[in-house]
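As structure tokens, the structure follows; a few thoughts come after it.
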Amino acid sequence: MRVAFVGKGGSGKTTLSALFSRHLARSGAPVLAIDGDINQHLAEALGGEEKPALPLGAHLPGIKDYLRGTNPRITSPESMIKTTPPGRGSRLLRPLGDDELHARHLGRAGGVPLMVTGEFDESDLGVACYHSKLGAVELYLGHLVDGPGEYVVVDMTAGADAFASGLFTRFDLTFLVAEPTRKGVSVYRQYRDHAEQFGIRIAVIGNKVTCEDDLLFLKEHVGDDLLTHLEQSPWIRAAEQGRERGELEPHNRHALNILREAVDSHPRDWDRLHRHAVEFHLRNARAWADARTGEDLAAQVDPDYVPGGPVTA
Ligand SMILES: Nc1ncnc2c1ncn2[C@@H]1O[C@H](COP(=O)(O)OP(=O)(O)OP(=O)(O)O)[C@@H](O)[C@H]1O
Ligand SMILES: [Mg+2]
């Protein structure tokens, strides 16, 4: 199952992505954390890197070439775009699978397997946007065959930027982290409106709650979408200062359990995932990619493809 953490800048997306990933990993569940933010801080939040990950964004052509496999509808790596859906012949991956992509790009931080998109660097200025790097994550998730009890946790860019591509439709559940402030809940409203339009599940996680008034504020503005909340945490602050000791506070640990239950409580909807993949691909094809590649990229959609496997890498 795939989950994304989104929300206002500074709301706690990276912190909660890291805490949730570690919480899952400690329980023995297979988990992969992905840093999909322009500022790459997830490795640090996970608690140091045992094995630095080679950025996905730096090898986009290689990733495309690998994932297209022998799919005859994709004529060259150049004609594969971030939204190109898998079809018969494409390489489908298992999370943390024994394949070339994971061998190259899988790192480890704080005991958690980690992949990263990479920083937006100087050579990108004026020629690329961060979304092209995130395209590697979109392609990865598009070709992933994951199941219940397996978790992919993605730390996303701040604010409404998270919907600048079809990436926001690649998840089973999106956690929107909101502080009990007007700005925090305004990002929630924006996201809710986009999500509703596409039938995407979101759940709001209140964060840095200090008192009953904070909680009432969130309940008033978020209503039933409020799944749970984390309190302002001395443990998180101490960890941030490099003084990690003991266990996270019981209330906050309990909140992480609620997140997990929310992920586990809905079955994967392969049809919805594939329908969105095709829909966003056709949009991109029409908007820019047909002109850029000189091809009719709608032809990349394989009408006989059955989403969800079997794995072919
Ligand atoms: N529940 C909490 N209690 C105490 N401090 C917290 C809590 N959640 C987050 N923080 C602190 O808030 C700050 C911002 O958190 P974080 O970096 O996770 O936010 P973000 O949403 O990822 O930010 P950005 O938009 O910059 O990526 C950090 O210093 C973090 O330690
Ligand atoms: Mg962050």
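The values are calculated or read from the model by the stated rules, or taken from the named source; none is laboratory data. Keep in mind it's a predicted model, so treat the numbers as computed, not measured. Counting neighbours? That spans all protein chains shown, and the Cβs are built from the backbone with ideal geometry, glycine included. These accessible areas exclude ligands, DNA and RNA; they are computed on the full protein's heavy atoms, side chains included. Shrake-Rupley method; radii C 1.70, N 1.55, O 1.52, S 1.80 Å.
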Of the peptides 57-64, 212-219, 1-8, how do they stack up when ordered by the mean number of other Cβ atoms within 10 Å, highest first?
-> 1-8, 57-64, 212-219
Roughly speaking, what is the centre-to-centre gap between the stretch 8-63 and the stretch 137-209 when only Cα atoms are used, to the nearest Å?
-> 15 Å
Accessible-area composition of the stretch 2-294, carbon plus sulfur, in percent [1.4 Å probe] = 49 percent
Could you pull the Cα extents of the stretch 2-294 along its three principal axes, largest to smallest, in whole Å?
-> 58, 40, 40
For the stretch 204-269, state the semi-axes of the equivalent ellipsoid (square roots of 5 times the eigenvalues of the alpha-carbon gyration tensor), sorted largest first and rounded to whole angstrom.
-> 24, 18, 8
Considering only Cα-Cα distances, which of the following residue pairs are longer than 19 Å: 51/82; 183/208; 183/219?
-> 51/82
Roughly how many Å² is the accessible area per residue of the chain, as a whole number, for a 1.4 Å probe?
-> 44 Å²
